[in-house]
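The values are calculated or read from the model by the stated rules, or taken from the named source; none is laboratory data. In this text, all values refer to a predicted model and were calculated from it rather than measured experimentally. Here the Cβ positions follow ideal geometry from the backbone for every residue, glycine too, while neighbour counts run over all protein chains shown. All accessible areas refer to the heavy atoms of the entire protein, side chains included, with ligands and DNA or RNA removed. Shrake-Rupley method; radii C 1.70, N 1.55, O 1.52, S 1.80 Å.
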Amino acid sequence: MINMINLTINNIPVSVEEGTTIIEAARRLSIRIPSLCNHDDLCVSGNCRVCVVEQVGNPTLQAACATPVRENMQILTNSMMVMQARKTIIELLLSEHNADCTKCYKNGNCELQDLSNEYRIGNQVYIDLIPLKHYTIDQSSPSLIKDDSKCIRCQRCVRTCSDLQAVSALSAAYKGSEMKISSFYDRPMHEVICTNCGQCINRCPTGALTERNYIDEVWDAIYDPGKHVVVQTAPAVRVALGEELGYDPGARVTGKLVTALRRLGFDSVLDTDFTADLTIMEEGTELLTRLKKVLVDKDTSMALPMFTSCSPGWIKFIEHTFPDLLPHLSTCKSPQQMFGALAKTYYAQKKGINPKDIVSVSIMPCTAKKFEATRPEMRDSGYQDVDYVLTTRELAIMIKQAGIEFMKLDDEDYDRFMGESSGAGVIFGATGGVMEAALRTAYEIVTGREVPFQNLNITPVRGMEGIKEAEVKIENVKPDWSFLEGVTLRVAIAHGLANAKRLMTAIRDGKVVYHFIEIMACPGGCLGGGGQPIPTNLEIRKKRAEAIYAEDENLPIRKSHENPEIIQIYQEFLGEPLSHTSHELLHTHYVPRKRY
Amino acid sequence: MTGKKQNDMETKKLTRVDYIFRPDNTCLDTLKKSLRRDRDEIILELIDSGLKGRGGAGFLTGLKWKLAKEAAGDVKYVICNADEGEPGTFKDREILDRVPRRVFTGMALCGYVIGSKEGFLYLRAEYKFLAPKLMSIMAEMNQEFKKLGLDFTLNIRYGSGAYVCGEETALIDSMEGRRGEPRNKPPFPVTEGYLNKPTVVNNVETFVNCTIIMGIGAEEYKRFGTDSSRGFKLFSVSGDCSKEGIYELELGMLLSDFVEEFGDGDTKAVQVGGASGFCVPRKKFNQTIIGFEGIPTGGSMKIFNSSRSMYHVLHNYLEFFEEESCGQCTPCRVGCQQLLKGIEAVKSKQRSSSYLDELVKLAKVMKVASKCGLGQSVGNAFVSIVDNFREEIIY
Ligand SMILES: Cc1cc2nc3c(=O)[nH]c(=O)nc-3n(C[C@H](O)[C@H](O)[C@H](O)COP(=O)(O)O)c2cc1C
Ligand code: SF4
Ligand code: SF4
Ligand code: SF4
Ligand code: SF4
Ligand code: FES
């Protein structure tokens, strides 16, 4: 039985479950207590102190985010003592903060700015400490920028990186006035184990951690008459972009996204979903080949389970943390990079454009894809396959810069070819989506029948559980696949690198046995990616996931192998999955990396 | 706190006592005797003795043990806090050097009472030179515990060199291999301490007092001190004094008696309780009781004569805090910098003297809004020095 606790907040009685914090209890009474270090996705820290409240009878104030309610507590959230303390704390934060808001990338979406605005912090009372500080800006990473002069030391990034991602690339270092957020031995971010996942950016309340943006470079390409600029949009972008442009979480804005990209001046508006479908063809075939080699040929050099490879944050993580497990990774490139390699080969040939004149831009929910695009392996077209990666957030900025009234746009359709997609390609954006798409295709290849789930919805692999598993029994197979008759395919899915680490450790220790595993670096999958609109929390991510599955249900084609453009590209260009051309353009290899 | 009229309060004459440093070879008998007693009876006796923690916060020791005993869980820990980082304090070092058995006996008693099988001495990094000797005594005592049928083992852990790691939750963090940062309380260590298990953290001198009380009994112990401050304690006397050193004195004396005994005849002020304590000016000596009813001290007593600049005294303290704050929470991290830079600006006339009033307000916010005792106590020295020696800060 849950124990109920009775208390009053601002003299209003309320009864809440034991263990509730004051800040949550206040929310039930529609009383908002300001907070900075607190975040729904993270454990409590209680370090910023802006949430302090008065507990009648207690000489010291209490951090509302960190203090559980107790029977008969009397809490005041706006008493004179509280207001004075809160204002002082904001002023203190600002006294060591480089508050040049008008020039700041986070201007307009910054929790510190909002708070100072609410409290109308005017003249600075305290001494400006900035001149005494030796703040540095780390721009070494292709994915993110860390500007210590904007950091309020709330440690949300530290908790994100250690608790959600099990990476711990960032930690609090030094003490007193020197205390700061640091990487291992203060090394530049591109030299440490950072996976570029961007989850810290999503949770940083200020402009201290932001994506490295390539907006100007993309404008330059668009303005260059000699360039043919193609743009691809990842599945998760269409269910989140709206949040930046006036919609509530969960809005599907695919048609408007296409229209806006055309208005921005891209020469061709194409869809990463197309290469998501292609990934399924390649990866599904690779899985079946591996299964055959292990089950029939007893080839012990083949590693099972096979891991998906479409999340570049996950790739860098496994390269650093589990290099011994690299043979388990599918050799398939991510859909972004498959697209990039095809844009400057297949697409260029078909369009009769010299690939050197093509600028390939991708709109991604992800910051790790910025890094991925710069990997030396990603130049199989003879050029850098993807030139610029913009996050959902950067695209929203461009749309605003161009004066496009997004909500009033009509819906338009992607260009052809490499613009057609199936529902299977769309669900890549949610955790479990790659697995579901792969099962829809692989099961049908092997049995000639659709997966035995109502309306193709493989619900056991969906949802926000950190690690999910499912089994599919394969029966009545086609003659070619007789070795799979009666086999129960065991699959698992993890999202968020902390969950990935748990799963990998269990696999390495031989505690679990699977055939196929999907891993996404970000909580919720790409829809919770490090390039998605801020804020994020479980509720928002669930809304985006609902939108993704609705998008899938509404598409006429829901299986990758039925996408007509996929059929066409194999006929015209690739031959068959895992063909020589496929291997050249669509597959890659990995490099073990050190932890330090 | 400072200057509160204490006419109607019980006071004690300055009296030297000698319990803590007596030879510690009788400790084993005390332990043997106690192990035959009921645990709750021991707790009651400790509570009855009125013993409050000697590490600074002054929590009733018997009550702390009671809470840890009642906390759910079969794995519990005892930690002896020997991080002694307060500048000018070295009484715990002296205890560990001269009568370590008295400390370890106290820890074993605690282990027996709360049901803990493992105790740790968290030793300040600078005191590592004591470790070889302490470890061999620990090994001996571990054997003795075994013979007595007490399932309790003593271990040693070293501090990280940060002052804040003396704060009990930061200490636990550091023992768990993390950067020592004070945690939110609640939960308190008695319910979720080391490795999230119920844990008693006591100061070195506190454990010593427990052993003494078990030896002489609460009745005898209660003859010393006052209602709010029972017993005796060690004082580290330093500064402009006639006899620097460590003295064991009965609690509850007036500061004026203390100054008479230890001052150099020209005492202007005494900083009671070190950097985190209060500065008492001469005019308040005869109204100030040293103890929990007046000004408590972890042991540090620093005496200043009229040649001292209180600006420099305050500046030193603030520099110390600006550097030793763990830096996680806003009021303390930034507040310390502002107080330090603030008095410099007033001194150099970059800010008017009225800026001191802003700073006093700030110090009061730090006191109520900081996360741990460090930030909460910076204002003690600041406000008491600025209130009493305002001219010295400005001119
Ligand atoms: C910044 C800071 C430093 C502290 N340093 C010490 C210390 O060095 N030794 C100590 O016993 N207690 C220290 N304390 C107090 C401890 O947190 C804790 O209250 C004490 O160890 C409890 O023991 P007691 O009840 O026996 O006093 C410190 C507290 C703070 C806030
Ligand atoms: S981080 Fe926020 S408060 Fe700071 S400059 Fe940027 S927008 Fe302004
Ligand atoms: S970088 Fe951002 S999230 Fe990290 S401590 Fe600084 S302000 Fe907080
Ligand atoms: S990008 Fe990801 S891995 Fe890198 S510091 Fe941020 S949270 Fe950690
Ligand atoms: S008060 Fe100071 S030492 Fe304590 S938690 Fe805050 S910053 Fe750290
Ligand atoms: S939000 Fe509560 S202390 Fe930061």
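Report, ordered by the first and then the second residue, all pairs with beta carbons closer than 8 Å, sequence separation of six or more or different chains, a first member in region A:38-59 that is more than 10 Å from chain B (Cβ to nearest Cβ), and a second member that is polar (S, T, N, Q) and in a strand (DSSP E or B).
Matching pairs, first to second residue: A:53/A:62; A:55/A:62; A:55/A:74; A:56/A:74; A:57/A:74.
Determine which single condition residue A:176 fails, assuming it passes every other condition in (1) within 16 Å of ligand 1 (Cβ to nearest atom); (2) open to solvent by 10 Å² or more (accessible area, probe 1.4 Å); (3) not acidic (Asp, Glu).
(2)
Name the single residue that is surrounded by the most Cβ atoms within 10 Å (Cβ to Cβ) among those in region B:4-28 being among the acidic types (Asp, Glu) and either touching a residue at least 12 places away in the same chain (Cβ under 8 Å) or within 27 Å of residue B:84 (Cβ to Cβ) (or both).
B:24
I'm trying to understand the selection: among the residues of region A:71-86, which are more than 19 Å from residue A:38 (Cβ to Cβ) and facing another protein chain (nearest Cβ under 9 Å)?
Result: A:81, A:84.
Name the pairs whose Cβ atoms lie under 6 Å apart, with the first residue in region A:552-574 and under 28 Å from residue A:253 (Cα atoms), the second surrounded by fewer than 20 Cβ atoms within 10 Å (Cβ to Cβ), and 6 or more positions between them or separate chains?
These pairs meet every condition: A:558/A:456; A:563/A:557; A:565/A:417.
Which one of these is modelled with pLDDT of 95 or more, open to solvent by 10 Å² or more (accessible area, probe 1.4 Å) and at the interface with another protein chain (Cβ under 10 Å from one of its Cβ atoms): A:128, A:148, A:114?
Details: A:148 fails: at the interface with another protein chain (Cβ under 10 Å from one of its Cβ atoms); A:114 fails: at the interface with another protein chain (Cβ under 10 Å from one of its Cβ atoms).
That would be A:128, the only listed residue that is modelled with pLDDT of 95 or more, open to solvent by 10 Å² or more (accessible area, probe 1.4 Å) and at the interface with another protein chain (Cβ under 10 Å from one of its Cβ atoms).
Restricting to helices (runs of 4 or more DSSP H) lying wholly in region B:77-151: which have 3 or more residues that are more than 20 Å from the chain's Cα centre (by Cα), farther than 21 Å from residue B:374 by Cβ and not aromatic (Phe, Trp, Tyr)? Spell out the reasoning first.
Numbers: elements: B:91-98, B:100-114, B:131-147.
In region B:77-151, the matching helices (runs of 4 or more DSSP H) lie at B:100-114, B:131-147.
Quick one: which helices (runs of 4 or more DSSP H) sit completely within region A:392-509 and have at least 1 residues that are farther than 22 Å from residue A:276 by Cα?
By residue number, A:392-401, A:433-447, A:497-508.
Of all residues in region B:334-377, how many are outside any loop (DSSP other than H, G, I, E, B), among the charged types (D, E, K, R) and either more than 7 Å from chain A (Cβ to nearest Cβ) or without any contact (Cβ under 8 Å) to a residue 12 or more places away in the chain (or both)? So that I can check it myself, show each step before the final result.
Here is the first cut: in region B:334-377, the ones outside any loop (DSSP other than H, G, I, E, B) are B:334-347, B:355-369, B:373-377.
Among the residues that remain, those that are also among the charged types (D, E, K, R) are: B:341, B:344, B:347, B:357-358, B:361, B:364, B:367.
Keeping just the survivors that are either more than 7 Å from chain A (Cβ to nearest Cβ) or without any contact (Cβ under 8 Å) to a residue 12 or more places away in the chain (or both) gives B:341, B:344, B:347, B:357, B:361, B:364, B:367.
Residues in region B:334-377 being outside any loop (DSSP other than H, G, I, E, B), among the charged types (D, E, K, R) and either more than 7 Å from chain A (Cβ to nearest Cβ) or without any contact (Cβ under 8 Å) to a residue 12 or more places away in the chain (or both): 7 in total.
Consider region A:131-142. How many of its residues are open to solvent by less than 50 Å² (accessible area, probe 1.4 Å), over 14 Å from residue A:204 (Cβ atoms) and within 16 Å of ligand 3 (Cβ to nearest atom)? Lay out the reasoning, then the answer.
Just the residues of region A:131-142 that are open to solvent by less than 50 Å² (accessible area, probe 1.4 Å), to begin with: A:133, A:138, A:140-142.
Add one more test, that the residue is over 14 Å from residue A:204 (Cβ atoms), and what stays is A:133, A:140-142.
Now restrict to residues that are within 16 Å of ligand 3 (Cβ to nearest atom): A:133, A:140-141.
Within region A:131-142, residues that are open to solvent by less than 50 Å² (accessible area, probe 1.4 Å), over 14 Å from residue A:204 (Cβ atoms) and within 16 Å of ligand 3 (Cβ to nearest atom) number 3.
Quick one: in region A:452-499, which of the residues that are surrounded by fewer than 20 Cβ atoms within 10 Å (Cβ to Cβ) and of a type in the set (Lys, Arg) is nearest to ligand 3 (Cβ to nearest atom)?
Among them, the one singled out is A:490.
Of the conditions (1) away from ligand 2 (no atom under 14 Å from the Cβ); (2) open to solvent by 10 Å² or more (accessible area, probe 1.4 Å), residue A:167 satisfies every one except a single condition; which number is it?
Looking at each condition in turn, residue A:167 falls short on (2).
Quick check on residue A:122: is it away from chain B (no Cβ under 12 Å), not in a helix (DSSP H, G or I) and not basic (Lys, Arg)?
Spelling it out, residue A:122 is indeed away from chain B (no Cβ under 12 Å), not in a helix (DSSP H, G or I) and not basic (Lys, Arg).
So which residues in region B:274-304 are open to solvent by 20 Å² or more (accessible area, probe 1.4 Å) and either assigned to a strand (DSSP E or B) or assigned by TED's automatic domain parsing to the domain that holds residue B:384 (or both), if there are any at all?
B:278, B:302
Quick check on region A:197-206: of everything there that is closer than 17 Å to residue A:147 by Cβ and open to solvent by less than 10 Å² (accessible area, probe 1.4 Å), which residue is farthest from ligand 6 (Cβ to nearest atom)?
Kept after step one, since they are closer than 17 Å to residue A:147 by Cβ, are these residues of region A:197-206: A:198, A:200-206.
From what's left, open to solvent by less than 10 Å² (accessible area, probe 1.4 Å): A:198, A:201-203, A:205-206.
Working: A:198: 23, A:201: 19, A:202: 17, A:203: 13, A:205: 10, A:206: 13 Å.
Across region A:197-206, the extreme among qualifying residues is A:198.
Please enumerate the residues belonging to region B:66-94 that are more than 26 Å from residue B:151 (Cβ to Cβ) and in contact with a helix residue (DSSP H, G or I) (Cβ under 8 Å, 6 or more places away or on another chain).
B:83, B:84, B:85, B:86, B:87, B:88, B:89, B:91, B:92, B:93 - these are the residues of region B:66-94 that are more than 26 Å from residue B:151 (Cβ to Cβ) and in contact with a helix residue (DSSP H, G or I) (Cβ under 8 Å, 6 or more places away or on another chain).
Are any of the residues in region B:109-128 open to solvent by 40 Å² or more (accessible area, probe 1.4 Å), without any contact (Cβ under 8 Å) to a residue 40 or more places away in the chain and more than 30 Å from residue B:270 (Cβ to Cβ)?
yes
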